[in-house]
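All of the numbers you see were taken from the coordinates with simple rules; none came from a lab. Note that the structure is a prediction, hence the values are computed from the model and not measured. Cβ sites come from the backbone with ideal geometry, for glycine too, and all protein chains shown count toward neighbours.
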Amino acid sequence: MTLYEQIIAIYPELADQQQLFINGTIALQNDSDGRGDYIRAWNHPTLPEPTADQLAALEVTP
Amino acid sequence: MSKLRLTGSTSGFTELTAPAVAGSNTLTLPTGNGSSGQVLSTNGSGALSFVDRMTAAGPSFRAYASSNQSIANGTSTKIALNAEDWDTASCFDSATNYRFTPNIAGYYQINAAITWGGFSGTYVLASIYKNGSEDARGTLIAAIPSGTTVVASSLVNLNGSSDYVELYALQVSGTSNSTAAFSRLAVWMSGFLARPA
């Protein structure tokens, strides 16, 4: 499960708001350094950034 | 007298003319003839000398991805530009960090393109990053057809020591997808010094 898929699992309503991942509201990044995906910026006005525990509860596929 | 006229041995002349309000200026020519391509320069006090003409002979590179790369949905991902056409000053790292770190300060023209593999997505994007942050966003296309190429181009001010640029890709299609890979044509970035700082 990618980081994007984890976030959608936590907030299913974001699946219909793909533009948020383009316009910088939610910025996911991968620097191709072997460390995998990470949340570079989270500026959603109502949904809080997922916690490490929330993400850790879901499988991650870098 | 406001003019100095040098008459040709056969015909015609070359004339040096002082401004109408001339002030009090003395220009002293250098000794010797200089070298090919040199120009006259003043020291601010009227002493002229031959100097090399400034040229933008700075670093230049063109790098590309030799294989395709999976990009997770909605995730800006650095493109692994792991092959080079040229790298004149060894400023491009195609082994580890896939970045251009020029050794001369100035304004660099950076161009890039990303061709996507066979999928149809909602958005695809190419961005030029400076020092890890998005600096210039290129083409953003919605509802792309399969095999679309997006481009990015920008003039980037780099300090000649620690500043660097990288190429990032972003796609939103609902699932992971790959960039295309068909030799050096598909996914690449190039740059050159346009003007020293």
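For the stretch B:162-179: of the residues being out of contact with any Leu (no Cβ under 9 Å at 6 or more places or on another chain) and either under 17 Å from B:Ser127 (Cα atoms) or assigned to a strand (DSSP E or B) (or both), which is farthest from the other protein chains (Cβ to nearest Cβ)?
So, considering only residues that are out of contact with any Leu (no Cβ under 9 Å at 6 or more places or on another chain) and either under 17 Å from B:Ser127 (Cα atoms) or assigned to a strand (DSSP E or B) (or both), the one farthest from the other protein chains (Cβ to nearest Cβ) is B:Asp163.
Just need a number here: residues in the stretch B:67-83 that are more than 12 Å from every other protein chain (Cβ to nearest Cβ) and either exposed (fewer than 15 other Cβ atoms within 10 Å of the Cβ) or in contact with a Gly (Cβ under 8 Å, 6 or more places away or on another chain) (or both).
The number of residues fulfilling the criteria is 2.
List the strands (runs of 3 or more DSSP E) inside the stretch B:1-106, counting only whole elements, that have at least 2 residues being out of contact with any Phe, Trp or Tyr (no Cβ under 7 Å at 6 or more places or on another chain).
So the answer is B:3-7, B:13-17, B:39-42, B:48-51.
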